[in-house]
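Input: a single structure, listed below in structure tokens.
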Amino acid sequence: MTTTDLRRGTGADQRTDARHNSPFTLIVLLTGVFMALLDFFIVNVALPDTQHDLHASSAGIQWVVAGYGLALASALVTGGRLGDLFGRKRMFVLGLLVFAAASAACGLAPNPGVLIGARVAQGIGAALFMPQILGVIGAAFSGAWQARAFTGYGLTAGLGAVFGQLIGGSLIQANLFGLGWRSIYWINVPIGLAAALLAVRALPSVPRGGRTRLDPVGGLLLTLAVVALVLPLVEGRQDGWPAWTWACLAASPVLLGLFYVHQRRLIGRGGEPVLNPVLFTQRSFAAGMPIALVYNTGVASFFFVLALYLQQGRGMSALDSGLLFIAVGLPYLATSMRSGTLAARFGRKLMTVGCVGQAAGYALLDLTAHEAGVGRSVLWLAPAMAVVGATMGLAYAPMFGVVLAGVDRQHASSASGLLSTVQQVGGATGIALAGIVFFDALGARPTAAAYTAAFGVALLLLTAITLVAAALMRLLPVNPTA
């Protein structure tokens, strides 16, 4: 996104539009946040039924999750630019309509290929409306209201993650109209249409950036680099790691290098790059990018492997496993509601403590899973899951605020879009990595004991990833606004 429209969206423009600092506007925006993040995580609880009904492979069900995140990550920046060109309200509404239509296609999918394609279309729809949310918050909210809006963004995103399993399980158990797992997609249709209609009334008309131009070459190079990384990680294990998988992995950094060169040349010609280097002169943002990438690699894969373990390894129904996720969700809600105030006081220390505590929760969950695997109730897992949820609220909920705290207002939209992109890339990569270790450890003929062992191996990986994220947080400035 450009900064021109951010500057025009301030001052007199804000004083004359009653929808600025409006709770109604914020609720509509956060509905979009919840839908986009919920849809990344809600599918986890439906994966066993989906795999059975559509006869999908292990790689296929990984793509059902990762394909959405990959499409969202690849198209986010372009979606932001389109908002600058054609208006944020217009693109927000269009994105919701595309998302609703793609959700209907998911609900009708007759085979894994169609479902994955529809999930990619969902990701593109989300990429059209998600950048507009952060752009409108930056232009339509100010002072304490803007701080509340950013905190609400992080809180809502986390709620979509931790309660997605419960919502999905409830929908599958209800089996409305005999839809089963398909209901988790159909529910998006009425909600998306209602949000689109409300947005026409609720969202202010933030002026467009007249000089904005798309960067199709940069967007294509970035997309190819991400696909070249994730594609072999998902498909390689199942295919026996053929030569093309290693060629793709080797091509990914080369494509990133070409992307960087293209961005520098575009700047030299006076163009508008996807990645503005000036953002990385701000320490909290420069350090926050690798932190967001690594941290989200662990979070996304945690919900993925936990859902598989509970349903396929412990034989729980979609609803019962979703109910058990309350052990994560309620502690997350309790700590995340306080995280904004605590982050303003403690900054990176709060997030570091949250990461270390989350890693400890993963390790404790590994121990209790093995104990529960020898005859104890699955409720034995609840205390460790509560530790994960509570500490996740300290690390995840304030991430946007801490990382973006020192970014100049005129670059807020671009910075937010890049941070969202990195988070989604981390999520898609995490699903791929978790799939490798989980399904490798599971073996060809899985038993209940094999699922427990595979879950334990995956948790050890998540523990290591989260500790790396905690170490990287030392790179953040002590003062969040530095």
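Every read-out reported here was derived from the displayed coordinates using simple, explicitly stated rules and does not represent laboratory data. Fair warning: this is a prediction, and the values are worked out from it, not measured in the lab. Here the Cβ positions follow ideal geometry from the backbone for every residue, glycine too, while neighbour counts run over all protein chains shown.
Quantify how much of the Cα-Cα distance distribution of the stretch 293-366 extends past 19 Å, in percent.
Values: 1219 of 2701 pairs.
When every Cα pair of the stretch 293-366 is considered, 45 percent fall beyond 19 Å.
Can you give me the C-alpha center-to-center distance between the stretch 81-109 and the stretch 375-401, rounded to a whole angstrom?
Taking the Cα centre of each part, the stretch 81-109 and the stretch 375-401 sit 33 Å apart.
How do VAL45, VAL305 line up, fewest other C-beta atoms within 10 Å first?
In increasing order of surrounding Cβ atoms, one gets VAL305, VAL45.
Mind checking the dipole of the stretch 38-139: about its Cα centre, +1 per Lys or Arg Cβ, -1 per Asp or Glu Cβ, Debye to the nearest 20?
420 debye
Would you mind checking the radius of gyration and Dmax of the chain based on alpha-carbon positions, in Å?
Considering the chain through its Cα atoms, Rg and Dmax are 21.3, 67 Å.
If you wrap a convex hull around the Cα atoms of the stretch 195-306, how much volume per residue is inside, in Å³?
Numbers: hull volume 21.7 nm³, N = 112.
Spelled out: Cα convex hull of the stretch 195-306, divided by residues, is 193 Å³.
Assuming R0 = 56 Å, what is the FRET efficiency of ALA449 and ALA286, from their Cβ-Cβ distance, to the nearest 0.05?
Values: r = 45 Å, r/R0 = 0.81.
Here the calculated transfer efficiency is 0.80.
Listing HIS262, HIS52 from the residue with the fewest other Cβ atoms within 10 Å to the one with the most, what is the order? Don't jump to the answer; show the numbers that get you there.
Values: HIS262 20, HIS52 11.
The fewest-first ordering by Cβ neighbours comes to HIS52, HIS262.
In vacuo Debye scattering of the stretch 72-219, one point per C-alpha: log10 I(q)/I(0) at q = 0.10, 0.14 Å⁻¹?
Listed by q, the Debye log ratios stand at -0.40, -0.77.
May I ask for the equivalent-ellipsoid semi-axes of the stretch 216-274, computed as the square root of five times each C-alpha gyration tensor eigenvalue and listed largest first in whole Å? Write out the running numbers ahead of the final one.
Working: eigenvalues 171, 17, 6 Å².
Equivalent ellipsoid of the stretch 216-274: 29, 9, 5 Å, largest first.
To the nearest 0.05, how large is the calculated FRET efficiency for LEU379 and LEU179 if R₀ is 30 Å and r is the Cβ-Cβ distance? Before the final figure, lay out the partial values.
Working: r = 30 Å, r/R0 = 0.99.
Efficiency computed from Cβ-Cβ geometry: 0.50.
Bin by bin, in steps of 5 Å, what percent of the Cα pairs in the stretch 23-137 do you find, going until the bin that has the longest distance?
Going out from 0 Å in 5 Å bins, the stretch 23-137 shows 2, 13, 23, 23, 16, 11, 7, 4, 1, 0 percent.
Compute the distance in nm between two label points, each set 7 Å from the Cα along the Cα-to-Cβ direction, one at TRP145 and one at VAL478.
Taking the simple label geometry, TRP145 and VAL478 are separated by 3.6 nm.
Which value, in debye to the nearest 20, describes the size of the charge dipole of the chain about its Cα centre when Lys and Arg Cβ atoms bear +1, Asp and Glu Cβ atoms bear -1, and nothing else is charged? Let's see the in-between values first.
Numbers: 29 positive and 16 negative charges, 299 e Å.
Here the size comes out at about 1440 debye.
Quick one: if the Förster radius is 22 Å, what FRET efficiency do ALA334 and ALA471 give, using the C-beta to C-beta distance and rounding to 0.05? Don't skip to the answer; put the middle values down first.
Values: r = 27 Å, r/R0 = 1.21.
Taking R0 as 22 Å, the efficiency between ALA334 and ALA471 is 0.25.
In the chain, if the dipole is taken from +1 on Lys/Arg beta carbons and -1 on Asp/Glu beta carbons about the Cα centre, which of GLY219, VAL425, ALA71 is farthest to the positive end?
Checking the options against the dipole of the chain, the answer is GLY219.
log₁₀ I(q)/I(0) of the stretch 380-474 at q = 0.15, 0.16 Å⁻¹, via Debye over equal Cα point scatterers, no solvent, to two decimals?
After summing over all Cα pairs, the log10 values are -0.78, -0.86.
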